[in-house]
Amino acid sequence: MTSSQLHWETQRAFLAVLRTGSLSGAARLLGIAQATARRRIEALEHEVGVSLFIRSPAGLTPTEMARELVSHVETMEMAADAFARAASAEACLPGGTVRLTSGKLLGIEVLPPMLKAIRNVHPDLEVELSISNRLEALALKESDVAVRIRRPTEASVVTRHLGDLQIGLYATPELLERHGHPCSPEELTRYSLIGPDRNLEEIEFLGRNGYICTPERASIRTDDHLAQFALLKAGLGIGVCSSQLAQHHGLIRVLPQRVDFSVDVWIAMHQDMRRVRRIALVFDELGESLARYLA
């Protein structure tokens with residue numbers, strides 16, 4: 001093994017220990033022996049000249065120096081992952097790996113059937129689906145294709161507006177049968193309301209669009225949109241939802257004159273990826289599927 005290979009392998013072990021808190025956990029994560037993981041950590045500490053972890057029976061605790069190194073090693077990890085994806089197939093072939101990132105709600109409730117349809121036609125295509133509300137950077141090649149609910153603004157990124165999620169207030173039929181349909185905004189005080197918890201920006205945004213869901217009004221609160229949707233489907237209260245998801249799950253619109261706004265949906269990729277067939281394929285075919293869904 002060359003020194004450059006050893007250098008990256010020691011850093012991979014470093015990240016694995018940080019993420020698992022132990023040598024045994026790092027070894028399982030990397031698929032290596034625990035003794036190998038220990039040797040790699042010791043080699044890295046020898047290389048930087050300081051201890052990176054405090055050893056104890058409870059595991060390994062990172063030192064201040066280790067915390068300072070994390071961002072640098074994660075950047076190397078992203079570069080290595082991007083290289084592996086680029087090398088996974090010829091640029092002109094439809095097979096290989098494409099890393100797709102999306103927020104939780106769309107990534108879990110909407111995208112899977114669309115990805116199934118794409119893979120049925122292109123079985124050699126492999127997809128890494130990153131479900132996170134963190135915006136992975138296309139410019140840094142953290143992801144190849146991104147689905148976002150706000151227009152990406154990074155330089156050198158190709159974007160396409162796919163349509164809008166039409167947002168309103170919804171409830172389950174069972175809840176409305178039990179408590180009746182609210183006829184005015186004032187009557188919402190008789191119902192359990194589902195809303196954000198600590199996301200003040202979103203609470204203010206919903207308030208401007210007619211849905212007052214401050215902590216004093218909303219009895220069921222979470223900042224996670226997927227959790228809000230799960231609570232809504234379970235019949236715990238009235239909450240905001242897109243008309244597309246509501247129709248699919250049999251939810252009933254309430255007070256349409258009170259809450260009615262849209263959230264635009266975009267798909268994006270780095271402009272350098274246009275020439276990579278498998279990435280352009282996912283960008284185009286997933287974009288078409290989402291556009292039909294939103295329409």
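The values are calculated or read from the model by the stated rules, or taken from the named source; none is laboratory data. As the structure is a computational prediction, the values presented were derived from the model and not from experiment. Using ideal geometry, Cβ is built from the backbone for each residue, glycine included, and neighbour counts are taken over all protein chains shown.
Checked against (1) surrounded by 15 or more Cβ atoms within 10 Å (Cβ to Cβ); (2) over 14 Å from residue 166 (Cβ atoms); (3) outside the structural domain of residue 111 (by the TED database), residue 283 meets all criteria but (3). Report whether or not residue 226 is in contact (Cβ under 8 Å) with a residue 24 or more places away in the chain, surrounded by fewer than 18 Cβ atoms within 10 Å (Cβ to Cβ), assigned by the TED database to the domain that holds residue 180 and part of a helix (DSSP H, G or I). Taking the combined requirement at face value, the residue satisfies it.
Being surrounded by 15 or more Cβ atoms within 10 Å (Cβ to Cβ) and at pLDDT 75 or above is the filter here; which residues of the range 135-159 pass it? Hits for the range 135-159 are 143, 144, 145, 146, 147, 148, 149, 152, 157, 158, 159. Please enumerate the residues belonging to the range 26-60 that are over 16 Å from residue 73 (Cα atoms) and in contact (Cβ under 8 Å) with a residue 24 or more places away in the chain. Result: 37, 59, 60. Residue 153 meets the conditions (1) assigned to a loop (DSSP other than H, G, I, E, B); (2) closer than 25 Å to residue 294 by Cβ; (3) assigned by the TED database to the domain that holds residue 288; (4) touching a residue at least 12 places away in the same chain (Cβ under 8 Å) in every case but one. The failed one is (4).
Yes or no, residue by residue, for (1) modelled with pLDDT under 90; (2) in a helix (DSSP H, G or I); (3) of a type outside the set (D, E, K, R); (4) buried (at least 16 other Cβ atoms within 10 Å of the Cβ):
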{"site": "29", "(1), (2), (3), (4)": "yes, yes, yes, yes"}
{"site": "46", "(1), (2), (3), (4)": "yes, yes, yes, no"}
{"site": "50", "(1), (2), (3), (4)": "yes, no, yes, no"}
{"site": "54", "(1), (2), (3), (4)": "yes, no, yes, no"}
{"site": "67", "(1), (2), (3), (4)": "yes, yes, no, no"}
{"site": "72", "(1), (2), (3), (4)": "yes, yes, yes, no"}
{"site": "77", "(1), (2), (3), (4)": "yes, yes, no, no"}
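Going through 197, 264 one at a time, which residue ends up being in contact (Cβ under 8 Å) with a residue 24 or more places away in the chain, in a loop (DSSP other than H, G, I, E, B) and within 30 Å of residue 100 (Cα to Cα)?
Details: 264 fails: in a loop (DSSP other than H, G, I, E, B).
When all the criteria are applied, what remains is 197.
If you check 174, 204, 187 for being more than 26 Å from the chain's Cα centre (by Cα), free of Cβ contacts under 8 Å to residues at least 40 places away in the same chain and surrounded by fewer than 20 Cβ atoms within 10 Å (Cβ to Cβ), only one passes: 187.
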